[in-house]
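The values are calculated or read from the model by the stated rules, or taken from the named source; none is laboratory data. For clarity, every value in this text was computed on a predicted model and none was experimentally measured. Virtual Cβ from ideal backbone geometry, glycine too; neighbours counted across all protein chains shown.
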Amino acid sequence: MTDYEKAKAAGLTQVDRWGEGKEHHPMSERIANFLVDHDYHDYGDYFCWKLGGDGDNGETLAFQMDAFFELLDNAKDLP
């Protein structure tokens, strides 16, 4: 079973994180901020990551990473 399949089975991929006002996982925030800076300064803003506003692509990336990090946090409780 892939990590995605495990996260989906655990109900982590269908969460309305923005609608529920869930905070980002600390590692999601850390990586998203790193990628914003790294992409902008070293890759000419290739991905044009944006954070902080509703619907920003960096926010969506962070929400997707939240599911992964929550999966890792709960790995001992999953099949």
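So, in the stretch 18-74, exactly how many residues are part of a loop (DSSP other than H, G, I, E, B), within 13 Å of the chain's Cα centre (by Cα) and in contact (Cβ under 8 Å) with a residue 40 or more places away in the chain?
4
Mind checking which residues of the stretch 1-58 are of a type in the set (Asp, Glu) and either within 30 Å of Lys76 (Cα to Cα) or modelled with pLDDT under 95 (or both)?
Asp3, Glu5, Asp16, Glu20, Glu23, Glu29, Asp54, Asp56
Go through (1) buried (at least 16 other Cβ atoms within 10 Å of the Cβ); (2) more than 21 Å from Tyr4 (Cβ to Cβ) and name the single condition Ala62 misses.
Answer for Ala62: the failing condition is (2).
Output the residues belonging to the stretch 1-12 that are touching a residue at least 24 places away in the same chain (Cβ under 8 Å) and surrounded by 15 or more Cβ atoms within 10 Å (Cβ to Cβ).
Correct list: Lys6, Ala7, Ala10, Leu12.
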